[in-house]
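To start, the structure under review is shown below, and the notes come after it.
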Amino acid sequence: MNATVYPAIINSTLIAPASKSSMQRACAAALLKKGNTIILNYGKSNDDKAALSIIKSFGAEVHYDADFLKIKSQGISSFSNQINCGESGLSIRMFTPIAALAKKEIEIVGNGSLTTRPMDFFNEVLPKLGVNIKSHSGKLPLLVKGPLIPTTITVDGSLSSQFLTGLLMAYAAADATDVTINVTNLKSKPYIDLTLEVMRSFGLKIPKNENYEKFYFTKDAHPIPKEKTNYTVEGDWSGASFLLVAGAIAGNISIKGLQLNSTQADKAILTAIKDCGATIKLNENDIMIKSADLTAFNFDATECPDLFPPLVALASFCKGTTQIKGVSRLTHKESSRGETLKEEFSKLGVNIKLDGDMMLIEGIKETKSCIVSSHHDHRIAMACAIAALRANDKVEIEHADAINKSYPDFFNDLKQMNVKVTY
């Protein structure tokens, strides 16, 4: 699907989409907890659907209501010989160690860009935990056969914190005792905070966190049993960041449903919006952003690399040269996002330079009417759409249906902002 977005001045109030980071972790925790779970404000993106499909493959019962999900689980029951993670990087990294809890061989597959992402981490780590694993030269499909036996190990956290998320959940489910996961070079620490927060909400065993370098499971750290859990999925700072940037560059916007005390890393978008000069008002029930004359800013996105696309859209209209650190975190995404942002925003008239771990964006007054491609990357599609709000005419986005991966209502929400969008 191609979508065409027209320039607009916005003035709107919207509710933030559900966080797929929160939703997918809740699905895994509901599977492992055993018993009944009610999930409120549940996500409906393709990644969320992948997580629900996975837990059903493991024997969980999922019942849908208009306002909530009801999940009934007996833990890992290997009813299926295969789980499909779709295109979800979090699902593949989180559910692979969980699948390794089973005693039979399970094939783990995925689609699209996920089939090209490196899975060498599992080849190196899982055998140390008593798990047999086979991969396709470090790529999908994977074959794993447990059961996983928690052991003190050291892992590299430089590629993604999501691998650690999977190990923490698997160790908790296996009732790990007096063992430590040592971690070096951990990136995206706030996402580990989110993982531990979700585990705590579901009554799973929680390790002691020593400066994100040691996660120690003690024998006396028994979880509080919860026969029934009610969990409300947070609003998504990742998806809402595009809406907040829209307000900063093209009018006024009020976003409801975001938690200011959230552990989500992408909450840092507020810092960038403030630093560039937009007006921010934080209320009890909403966040209000108003556009202004914007100036270039410096930002370190190492801990929140998913913010690069909305940050580039924001920086495109900031006078001067914006510097964003953390380009090295963009390689193994749905696209090679550093190069993709440079390529597509150049079509819009924005000059982007990549210098080692830095991205330099030269701000302009308006973007150019053109045809851009999402490269089948949901965040690239949304970034180009937001940049189109300040274009001199319409911008057509090829493969715009990539948004379904994380934010299927994105274009509908743009329409609610009085933006003309055609398909």
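Please treat every number below as a calculation from the coordinates, not as lab data. Remember, it's a predicted structure, so these values are computed and weren't measured experimentally. Cβ: placed from backbone, ideal geometry, glycine included. Neighbour counts: every protein chain shown.
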If you line up the Cα atoms of the range 20-215 on their principal axes, what length do they span on each, largest first, in Å? 43, 35, 28
Total charge of the residues flanking residue 120 in space, meaning their Cβ is under 15 Å from its Cβ, with Lys and Arg +1 and Asp and Glu -1, is +3
Between the range 286-344 and the range 45-121, how many Å separate their Cα centres? 31
Compute a Gaussian network model of the chain, connecting alpha carbons closer than 10 Å, and tell me which residue from 280, 98, 249 fluctuates the most. 280
When the dipole is taken about the Cα centre of the chain, and only Lys, Arg (+1) and Asp, Glu (-1) are charged at their Cβ, what size is it in debye, to the nearest 20? 560
Among (1) 21.3, 63; (2) 19.8, 59; (3) 39.0, 138, the entry that matches Rg and Dmax of the Cα atoms in Å as calculated here: (1)
Largest-first principal axis extents, alpha carbons of the range 337-423, Å: 37, 28, 18
Starting from the amide H of residue 13, placed 1.01 Å from N in the peptide plane, find each other amide H under 5 Å away whose residue is 5 or more places distant or on another chain. 254
Whole-Hz couplings from phi, Karplus 6.51/-1.76/1.60, listed for the range 149-160; x for Gly and Pro: 10, x, 9, 5, 9, 10, 10, 8, x, 6, 7, 6
Under a Gaussian network model of the chain whose springs join Cα atoms within less than 10 Å, the largest fluctuation of 88, 19, 78 belongs to 78
May I ask which residue of 346, 261, 165 lies farthest towards the positive end of the charge dipole of the chain, with charges of +1 (Lys, Arg) and -1 (Asp, Glu) on Cβ and the Cα centre as origin? 165
Taking Cα atoms, the helix 337-347 axis meets the longest principal axis of the chain at an angle in degrees (rounded to 10) of 20
Taking the chain as a Gaussian network, where each spring joins two C-alpha atoms under 10 Å apart, which residue of 282, 196, 311 fluctuates the most? 282
In deg cm²/dmol, rounded to 500, what helix-only [θ] at 222 nm does the chain give when every DSSP H run of at least 4 residues adds -39500 (n - 2.57) and the total is split over its residues? -9000 deg cm²/dmol
In whole Hz, with x marking every Gly and Pro, tabulate ³J(HN,Hα) for the range 289-303 from phi via Karplus 6.51 cos²θ - 1.76 cosθ + 1.60, θ = phi - 60°. 10, 10, 5, 7, 6, 9, 10, 4, 9, 10, 8, 9, 9, 4, 8
For the pairs 56/219; 44/267; 20/187; 72/267, note any where the Cα-Cα span goes beyond 23 Å. 56/219; 72/267
Evaluate the relative contact order of the chain (contact order divided by residue number), counting alpha-carbon pairs under 8 angstrom at least 6 apart; express in whole percent. 20
Which loop-located trypsin sites (Lys or Arg not before Pro) does the range 172-241 contain, where loop means any DSSP state but H, G, I, E or B and the Cβ has at most 12 other Cβ atoms within 10 Å? 219
How many angstrom lie between the Cα centre of the range 353-418 and the Cα centre of the range 201-265? 26
Considering amide H positions built from the backbone, and no H for Pro or chain starts, which residues 5 or more places from residue 229, or on another chain, come under 5 Å of its amide H? 36, 37, 38
Fewest-first ranking of 312, 245, using other Cβ atoms within 10 Å as the exposure measure: 312, 245
